[in-house]
């Protein structure tokens with residue numbers, strides 16, 4: 001049997017597998033909530049050559065076109081996890097479970113019953129669908145890679161074999177691990193997991209959806225993708241000799257026979273999740289998309305996802321940059337942002353002969369692009385299991401005062417080897433400071449560093465502080481990948497606020513001036529003194545700037561300081577007016 005230390009490592013590995021499944025469930029639900037998402041169209045988007053199946057090469061090319069960089073070998077991880085017949089490729093019935101949510105049966109049913117959309121071999125999905133689909137697949141691969149260190153650490157233990165690890169949980173030698181056995185092991189190891197967490201572990205490791213984990217499934221789940229550290233041989237009680245874990249083993253007197261009877265119908269559905277067939281037929285209603293949404297961007301994503309300021313749709317951030325690539329791109333970022341800011345301002349129409357509303361639309365369009373960038377960066381952070389808002393706040397508030405000052409922001413930037421001008425830090429503080437006192441309280445910090453989108457927000461909000469020591473330094477607080485993503489978010493904030501301030505100043509410097517009141521009244525269609533979600537969307541659509549409901553939500557979240565979900569004239573003028581004496 002395993003030693004105490006090996007059992008602790010096994011417990012930690014299973015716990016991390018469950019946490020990753022929980023986070024994957026979030027990105028699946030985000031994908032399926034996209035109204036234009038239809039699973040078969042997503043399948044055909046990846047199967048460009050219409051082979052009738054998807055290979056690791058197809059996955060590699062799809063992710064590369066969306067700026068997620070994995071090797072073809074790494075893309076095999078995704079294929080292997082959902083490949084039921086071992087042929088190293090996915091047909092549609094194998095591909096579908098990787099996209100559908102398990103914990104929301106209504107959403108699952110709705111998605112599978114959507115009308116099938118036709119997509120040509122050279123077409124792309126709508127931008128937000130394309131991005132969300134790429135994110136689901138990339139997250140699967142990234143999690144496989146992320147667990148390898150812990151798997152190799154377990155395999156390197158002197159007493160470890162897969163047989164002994166399995167037998168440590170399967171104490172009745174039933175030949176499988178079910179809900180009760182897994183719960184018993186975790187409790188014995190000192191953990192008292194919630195019911196949904198046990199189900200998440202089972203769901204991730206149970207490939208054939210029978211509600212229990214067989215030996216072969218167990219080995220596949222805990223074996224390192226890149227083995228080589230430690231031994232994985234069999235013990236003196238090798239499964240080949242015992243017959244316990246063979247595919248045809250029949251065990252009499254099983255104490256946990258039909259052990260999943262205690263589960264409710266809902267729990268069994270979560271574990272097995274049968275797919276509902278759809279009788280929908282294909283349609284030609286989807287518009288032609290012969291140009292990749294990513295190619296619509298003027299330049300390649302740089303450092304923190306900086307985007308040419310003349311395009312509507314930003315390229316998604318690549319949360320999987322290695323440290324060397326990330327640092328190289330950071331060094332290029334300030335110069336690129338300066339160039340794109342200048343290009344944007346120079347390309348803007350002069351106000352002579354242009355209505356106040358036209359000038360305002362230019363600003364709002366840019367704000368939406370930048371807010372979307374920041375939201376994507378927050379979502380990437382939210383998917384890091386060690387990221388929580390309290391520890392992030394304590395990174396700045398080292399003295400435990402409950403507020404963050406400009407000086408404390410400056411100190412943290414220096415720890416990240418970032419040295420912005422004080423004027424730039426002031427702009428960032430003004431962006432996040434909702435009550436105008438020049439300091440950030442925890443509630444204001446939360447509003448600035450938690451995602452707007454509910455699924456991601458709930459994920460971060462539920463986490464508690466891991467570190468209670470205020471003296472911890474940056475290197476001890478989060479792991480390297482999380483620190484990298486947090487640094488990227490900070491830099492994004494700095495750069496984007498500088499660009500926005502430049503646009504504000506340009507607006508006020510225009511000959512003939514800019515009438516803020518007139519612009520507000522043109523947008524306030526019902527003249528009630530507030531701009532609502534519907535009014536903003538209607539006025540943007542009428543000016544040929546087509547934005548999603550989420551885009552409008554990001555915009556309102558930036559302007560609105562009172563959480564009323566609408567923008568008053570005071571909030572409007574406060575956001576549009578220049579905030580710095582420095583000329584940008």
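The values are calculated or read from the model by the stated rules, or taken from the named source; none is laboratory data. The structure displayed is predicted, hence computed values, not measured ones. Cβ sites come from the backbone with ideal geometry, for glycine too, and all protein chains shown count toward neighbours.
What to note about this one:
- Segment 398-423 - residue that is surrounded by 12 or more Cβ atoms within 10 Å (Cβ to Cβ) and free of Cβ contacts under 8 Å to residues at least 40 places away in the same chain and, of those, farthest from residue 451 (Cα to Cα): 422
To keep it simple, each residue is scored yes or no on (1) modelled with pLDDT of 90 or more; (2) farther than 23 Å from residue 75 by Cα; (3) outside the structural domain of residue 71 (by TED's automatic domain parsing).
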{"position": "114", "(1), (2), (3)": "yes, yes, no"}
{"position": "122", "(1), (2), (3)": "no, no, no"}
{"position": "130", "(1), (2), (3)": "yes, no, no"}
{"position": "144", "(1), (2), (3)": "no, no, no"}
{"position": "157", "(1), (2), (3)": "yes, yes, yes"}
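Every residue, every condition in (1) without any contact (Cβ under 8 Å) to a residue 40 or more places away in the chain; (2) assigned to a helix (DSSP H, G or I); (3) farther than 26 Å from residue 220 by Cα, yes or no:
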| residue | (1), (2), (3) |
| --- | --- |
| 14 | no, yes, no |
| 21 | no, yes, no |
| 26 | no, yes, no |
| 35 | yes, no, yes |
| 41 | no, yes, yes |
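- Set side by side, the residues 39, 35 differ, and just one is out of contact with any strand residue (DSSP E or B) (no Cβ under 7 Å at 6 or more places or on another chain), surrounded by 19 or more Cβ atoms within 10 Å (Cβ to Cβ) and under 24 Å from residue 549 (Cα atoms), which is 39.
- Test result for residue 142, surrounded by 18 or more Cβ atoms within 10 Å (Cβ to Cβ) and either outside any helix (DSSP H, G or I) or in contact with a strand residue (DSSP E or B) (Cβ under 8 Å, 6 or more places away or on another chain) (or both): no
- Helices (runs of 4 or more DSSP H) wholly inside segment 485-584 containing at least 2 residues that are more than 21 Å from residue 431 (Cβ to Cβ): 516-523, 533-542
- Of all the criteria given as (1) under 18 Å from residue 54 (Cβ atoms); (2) surrounded by fewer than 16 Cβ atoms within 10 Å (Cβ to Cβ); (3) in contact with a strand residue (DSSP E or B) (Cβ under 7 Å, 6 or more places away or on another chain), the one not satisfied by residue 121 is (3).
- Selection status of residue 98, within 23 Å of the chain's Cα centre (by Cα), closer than 14 Å to residue 138 by Cα and surrounded by 21 or more Cβ atoms within 10 Å (Cβ to Cβ): no
- Summed over segment 1-22, residues that are within 22 Å of residue 100 (Cα to Cα) and in contact with a helix residue (DSSP H, G or I) (Cβ under 7 Å, 6 or more places away or on another chain) total 6.
Yes/no matrix, rows are residues, columns are (1) closer than 30 Å to residue 546 by Cβ; (2) in a loop (DSSP other than H, G, I, E, B); (3) in contact with a helix residue (DSSP H, G or I) (Cβ under 9 Å, 6 or more places away or on another chain):
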| residue | (1), (2), (3) |
| --- | --- |
| 84 | no, yes, yes |
| 122 | yes, yes, no |
| 130 | yes, no, yes |
| 135 | yes, no, yes |
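- Members of segment 197-249 found to be within 17 Å of residue 83 (Cα to Cα) and modelled with pLDDT under 90, listed by number: 207, 208, 209, 210, 225
- Only listed residue being surrounded by fewer than 19 Cβ atoms within 10 Å (Cβ to Cβ) and either touching a strand residue (DSSP E or B) at 6+ places or on another chain (Cβ under 8 Å) or closer than 23 Å to residue 218 by Cβ (or both), chosen from 170, 87: 87
- Filtering segment 437-465 to residues that are part of a loop (DSSP other than H, G, I, E, B), in contact with a helix residue (DSSP H, G or I) (Cβ under 6 Å, 6 or more places away or on another chain) and more than 14 Å from residue 27 (Cβ to Cβ) leaves 450, 452, 465.
- Unmet criterion (only one of (1) under 15 Å from residue 489 (Cβ atoms); (2) at pLDDT below 90; (3) in a helix (DSSP H, G or I)) for residue 394: (1)
- Looking at 24, 2, 63, just one residue is out of contact with any strand residue (DSSP E or B) (no Cβ under 6 Å at 6 or more places or on another chain) and not assigned by TED's automatic domain parsing to the domain that holds residue 146, and that residue is 2.
- Selection status of residue 365, modelled with pLDDT under 90, in contact with a strand residue (DSSP E or B) (Cβ under 6 Å, 6 or more places away or on another chain) and either assigned by TED's automatic domain parsing to the domain that holds residue 21 or in a helix (DSSP H, G or I) (or both): no
- Subset of segment 44-60 [closer than 18 Å to residue 128 by Cβ and touching a strand residue (DSSP E or B) at 6+ places or on another chain (Cβ under 7 Å)]: 46
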